[in-house]
Amino acid sequence: MSTPVHHEFSNIGYARHGRNFAGFPDKSQRFRKQIGPRQAVRFDLSSGDLLSVSPHDDARPVYVLVLDDKGRANAGLLGLGAITQLETASFDSAELKGWFAAQGGSADAALSVVQIPTDELLALSARASCHVWVINPMTAEELVRDAAPGAAEITHKPANLTQSLLLPPPLGEVRDEFTVSRGTARAYEVQPGEIVQIIDVEGQQCSDFMALRSDGLDRGEELMIDSTATRSMVRGAYPTPGLFDKFFDRDMRPMMNVVQDTCGRHDTFGLACTARGYEERGFPGHVNCSDNISGALSPLGANRRAAWPAINFFWNTWIDPTHHALMSEESYSRPGDYVALQAMDRLVCVSTACPDDIDPINGWNPTDVHVRIYKPDAPIRRAVAYREKEDAPMSISQESAFHPCTSKLTSHFASARDLWAPVSFPSVGTIGEYWACRERVTLQDMSGLRKYDIVGPDAEKLLQKALTRDVSRLAVWRGTYALMCDDAGAVIDDGTLFRLAPQLFRWCCGTEESARVLSELAQAEGLQVRVHGMGSALPNLALQGPNSRDVLQKIVFTQPQVPALEHVKWFGVTVARLNDREGVPFMLSRSGYTGELGYELFCTQDDAPALWDALMAAGEEFGIEPMGSAALEMLRIEAGLAAAGAEFAPGVDAYEAGLGFAVDLKKPDFVGRAALERNARDPRKVLKGLSFESDDVPAHGAHVFAGERAIGVITSATRSPIMDKTMALARLAVEHAENSTVLEVGQMDGRMKRLTATVCDTPFYDPKRERARA
């Protein structure tokens, strides 16, 4: 009889930090932040910590507000003097004011700060614990009218790099916290309203979790989270922050709701690992989570089990769509990733640090899990993680600057990059919002749009090289829709380019990759140009619909040196103020994503609520309604407008995405030109419309068939209210793309059900864009 093997988790060959995980940022990145225009960022320093300012050729000086633990200004704690005054109106100060209020004080209109240059490396050492706000000021008028300054880069280097510093900052007031050592489990009790934060300390570490109702245990009944009920109620594999955010018991009663989730990939299909599972693979005696859970819960009244159901946080699993097998791979969680859940009843919880070292579950190397329990009144907002690139530092989704206005009208929000954006407004409804845009006027928060200022003597030369349009023909106060492609002609990003001055352009686009491509191209070409990210400094609204100009005529004031509202034609732009020369400044462009007459307005964060309220008030007589992303999706499909991840994606060139109209092959040179010229002569696939006989709406990615052969794919589809039928955009082989060709779209594995559709041109509605040009 063999002797049981008790694993001691040897790390030979599996040292986590010796492995090259592309998606794992270096620890130092967690302490590095960029301070964009009008932004204020807080750093909490301990004695001996260093705060360094990296040199930046084009960043303006920043200002530092140093406060002691009682909130009193004391620049000497960083060894600074030469105090000056900074008006809170010169930056987006809402967060700073909120912090002061949370400390029981208030921020003065003018702050005692120290100016810090950014043209050379500067390191400041904290002489005692302090709170430091780094501020990058810029007036609202400068931000709207002029080029934004470069972002200042600040690095916080702790004097003692302990595990507690490597953990994410606390979300609120902590009642209790503890570490669950690898290969162990710990039970704990929580009260209604308390929030449990489960943290993956080193990344790629599974943590099994279960919660039971305390009153049930008191009666000898085990009422726990039921994964099947939960999946049915949330319509997904696991809850996420938003409307479908709760874990349920077998009676479909909510137990916990997910407040924040920075990983977004977990498992609710399997059990916690068991002794039998290891035994049948040749590892008898291997420590396992089910036994650990039994050991932790037994003293609290739960019966021991050979196999415990559990929510397996950070375990990367999925169902194979073809064979329906349960698949698993290494976790997506990075160091410091976490899930925060709020108890909705008195609960007994248990968390493990999974011991599996023979599968990819824990990156082949089990590590620790950390748990924090926050008091019920902790002001923790719902959020998910956002990373502009796989190895970029994590940021938590924020509320838009217009949230104080939109949150009064709806609770249905979805993440749009790093912001929460309204999906629909219940008082109107998606269909009502759609018809309001078609017939009257709507207002929509579009702040997830990325904005970059490209400025310098070679700004035009850079954009002429990077974009598919002829930028040299773009006049000041004019804009154009353009594409950015790679060498193979595939679309990297699309957006609208505005020329605000001879050497100043504003690029409003979809992703941060635009900025990386522009910066790399400028460096490779040796161009004198700067690419400045606006970050969250320039939130924007879309005012769309046939009455949109009527609304603006009531509130827009322009100076004589810029185009007046009546002179802003399609894709024109100007700088305006609200009501009069002293009003809120904003950039106004005649553009949009609906196919209707419409405008977009860009302002500062602090001015956002005032601009929203003014537009809603002015639009009341014209039947204005707020609009969300669901109605916009219907409108843009009807208008035949492309979307990232749908019509264009990696490997899809501009012509295949239906965007050939934005490619100017008369230009002598731009990135991707050779490939696009070749593909234009001999296309293999084209984007066309499909008109359906039934009201079924096919899903993105559904195959389009000619007989038994798949000859295309659905990129976007909707049921069009104005056309009274289902319409879809589809990428089709050119051999089957002639108008009036009858094809079928596959449902139920593409074979069991077919939807008959006829090929047609796009846009489906208003093909000559007469409404947008009105």
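The values are calculated or read from the model by the stated rules, or taken from the named source; none is laboratory data. Since the model is a prediction, treat every value here as computed from it, not as a measurement. Cβ sites come from the backbone with ideal geometry, for glycine too, and all protein chains shown count toward neighbours.
If a residue must be touching a strand residue (DSSP E or B) at 6+ places or on another chain (Cβ under 7 Å) and either under 30 Å from residue 400 (Cβ atoms) or free of Cβ contacts under 8 Å to residues at least 12 places away in the same chain (or both), how many such residues does the range 70-91 contain?
Final tally of qualifying residues: 4.
Residue by residue, here is whether (1) of a type in the set (Gly, Ala, Ser); (2) under 24 Å from residue 54 (Cβ atoms); (3) exposed (fewer than 13 other Cβ atoms within 10 Å of the Cβ) holds:
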| residue | (1), (2), (3) |
| --- | --- |
| 74 | no, no, no |
| 81 | yes, yes, yes |
| 86 | no, yes, no |
| 99 | no, no, no |
| 104 | yes, no, yes |
| 114 | no, yes, no |
| 121 | no, yes, yes |
| 135 | no, yes, no |
| 139 | no, no, no |
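Within the range 435-447, is even one residue surrounded by 19 or more Cβ atoms within 10 Å (Cβ to Cβ) and closer than 30 Å to residue 672 by Cβ?
Scanning the range 435-447, I find at least one residue that is surrounded by 19 or more Cβ atoms within 10 Å (Cβ to Cβ) and closer than 30 Å to residue 672 by Cβ, so the answer is yes.
Could you check the range 597-626 and list, in sequence order, the residues that are without any contact (Cβ under 8 Å) to a residue 60 or more places away in the chain and either basic (Lys, Arg) or touching a helix residue (DSSP H, G or I) at 6+ places or on another chain (Cβ under 7 Å) (or both)?
Residue satisfying the conditions is 599 alone.
Would you check if residue 160 is surrounded by fewer than 20 Cβ atoms within 10 Å (Cβ to Cβ), touching a residue at least 24 places away in the same chain (Cβ under 8 Å) and polar (S, T, N, Q)?
Criteria met by residue 160.
Suppose we filter 592, 572, 598, 619 for residues that are within 19 Å of residue 446 (Cα to Cα), in contact with a Lys or Arg (Cβ under 8 Å, 6 or more places away or on another chain), small (Gly, Ala, Ser) and buried (at least 21 other Cβ atoms within 10 Å of the Cβ); which single one remains?
Exactly one residue qualifies, and that residue is 598.
Residue by residue through the range 433-460, note down the ones that are assigned to a helix (DSSP H, G or I) and either touching a Phe, Trp or Tyr at 6+ places or on another chain (Cβ under 8 Å) or free of Cβ contacts under 8 Å to residues at least 60 places away in the same chain (or both). Before you say what the answer is, go through the steps one by one.
Of the residues in the range 433-460, the ones assigned to a helix (DSSP H, G or I) are 433-439, 459-460.
Answer for the range 433-460, where residues must be assigned to a helix (DSSP H, G or I) and either touching a Phe, Trp or Tyr at 6+ places or on another chain (Cβ under 8 Å) or free of Cβ contacts under 8 Å to residues at least 60 places away in the same chain (or both): 433, 459, 460.
Just to be sure before I move on: is residue 468 among the β-branched types (Val, Ile, Thr), outside the structural domain of residue 623 (by TED's automatic domain parsing), touching a residue at least 24 places away in the same chain (Cβ under 8 Å) and in contact with a helix residue (DSSP H, G or I) (Cβ under 6 Å, 6 or more places away or on another chain) in the structure I sent?
So residue 468 fits the description; yes.
From the set of residues in the range 214-239 that are surrounded by 19 or more Cβ atoms within 10 Å (Cβ to Cβ) and of a type in the set (Val, Ile, Thr), which is nearest to the chain's Cα centre (by Cα)?
Result: 234.
Only one of these is polar (S, T, N, Q) and either in contact with a strand residue (DSSP E or B) (Cβ under 6 Å, 6 or more places away or on another chain) or touching a residue at least 60 places away in the same chain (Cβ under 8 Å) (or both): 207, 290. Name it. Before you say what the answer is, go through the steps one by one.
Values: 290 fails: either in contact with a strand residue (DSSP E or B) (Cβ under 6 Å, 6 or more places away or on another chain) or touching a residue at least 60 places away in the same chain (Cβ under 8 Å) (or both).
Just one listed residue meets the conditions, 207.
Residues checked against (1) touching a strand residue (DSSP E or B) at 6+ places or on another chain (Cβ under 7 Å); (2) part of a loop (DSSP other than H, G, I, E, B):
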| residue | (1), (2) |
| --- | --- |
| 392 | no, yes |
| 401 | no, yes |
| 405 | no, no |
| 408 | no, yes |
| 414 | yes, no |
| 428 | yes, yes |
| 431 | no, no |
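Suppose the filter is among the acidic types (Asp, Glu) and surrounded by fewer than 22 Cβ atoms within 10 Å (Cβ to Cβ); does residue 653 pass it?
No.
Considering each of 665, 676 in turn, give the residue that is surrounded by 18 or more Cβ atoms within 10 Å (Cβ to Cβ) and of a type in the set (A, V, I, L, M).
So the residue among 665, 676 that is surrounded by 18 or more Cβ atoms within 10 Å (Cβ to Cβ) and of a type in the set (A, V, I, L, M) is 676.
Take residue 185 and decide whether it is small (Gly, Ala, Ser) and either under 19 Å from residue 396 (Cβ atoms) or surrounded by fewer than 22 Cβ atoms within 10 Å (Cβ to Cβ) (or both).
no
Which one of these is surrounded by fewer than 17 Cβ atoms within 10 Å (Cβ to Cβ), of a type in the set (S, T, N, Q) and in contact with an Asp or Glu (Cβ under 9 Å, 6 or more places away or on another chain): 47, 93, 54?
54
So residue 304 fits all but one of (1) within 15 Å of residue 208 (Cβ to Cβ); (2) surrounded by fewer than 21 Cβ atoms within 10 Å (Cβ to Cβ); what number is the exception?
Condition (1) is where residue 304 drops out.
Restricting to the range 265-286, what's the tally of residues that are more than 38 Å from the chain's Cα centre (by Cα) and surrounded by 22 or more Cβ atoms within 10 Å (Cβ to Cβ)?
Let us first name the residues in the range 265-286 that are more than 38 Å from the chain's Cα centre (by Cα), namely 275-286.
With the extra rule that they be surrounded by 22 or more Cβ atoms within 10 Å (Cβ to Cβ), the set shrinks to 286.
Adding up the residues that qualify gives 1.
Hey, can you tell me all the residues within the range 380-432 that are under 16 Å from residue 242 (Cα atoms), buried (at least 19 other Cβ atoms within 10 Å of the Cβ) and either without any contact (Cβ under 8 Å) to a residue 24 or more places away in the chain or not aliphatic (A, V, I, L, M) (or both)?
If the condition is that a residue be under 16 Å from residue 242 (Cα atoms), buried (at least 19 other Cβ atoms within 10 Å of the Cβ) and either without any contact (Cβ under 8 Å) to a residue 24 or more places away in the chain or not aliphatic (A, V, I, L, M) (or both), then 382, 397, 400, 403, 406, 413, 415, 418, 420, 422, 424, 425 are the ones that fit.
Does residue 267 satisfy being in the same structural domain as residue 345 (by TED's automatic domain parsing), in contact with a strand residue (DSSP E or B) (Cβ under 9 Å, 6 or more places away or on another chain) and either of a type in the set (A, V, I, L, M, F, W, C) or modelled with pLDDT under 95 (or both)?
Details: in the same structural domain as residue 345 (by TED's automatic domain parsing): yes; in contact with a strand residue (DSSP E or B) (Cβ under 9 Å, 6 or more places away or on another chain): yes; either of a type in the set (A, V, I, L, M, F, W, C) or modelled with pLDDT under 95 (or both): yes.
Judged against the criteria, residue 267 is a match.
Just the residues that are charged (D, E, K, R) and assigned to a loop (DSSP other than H, G, I, E, B), please, taken from the range 363-381.
Within the range 363-381, 368, 375, 377, 381 meet the criteria.
For residue 689, state whether it is free of Cβ contacts under 8 Å to residues at least 40 places away in the same chain and within 26 Å of residue 639 (Cα to Cα).
Here the answer is no, as residue 689 does not meet what is asked.
Yes or no, residue by residue, for (1) among the polar types (S, T, N, Q); (2) under 20 Å from residue 400 (Cα atoms); (3) modelled with pLDDT of 95 or more; (4) out of contact with any helix residue (DSSP H, G or I) (no Cβ under 6 Å at 6 or more places or on another chain):
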{"position": "474", "(1), (2), (3), (4)": "no, no, yes, yes"}
{"position": "498", "(1), (2), (3), (4)": "no, no, yes, yes"}
{"position": "506", "(1), (2), (3), (4)": "no, no, yes, yes"}
{"position": "521", "(1), (2), (3), (4)": "no, no, yes, no"}
{"position": "531", "(1), (2), (3), (4)": "no, no, no, no"}
{"position": "536", "(1), (2), (3), (4)": "yes, yes, no, yes"}
{"position": "544", "(1), (2), (3), (4)": "yes, yes, yes, no"}
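Is it the case that some residue within the range 329-336 is modelled with pLDDT of 95 or more and surrounded by 24 or more Cβ atoms within 10 Å (Cβ to Cβ)?
Checked against the condition, which is being modelled with pLDDT of 95 or more and surrounded by 24 or more Cβ atoms within 10 Å (Cβ to Cβ), the range 329-336 yields no hits at all.
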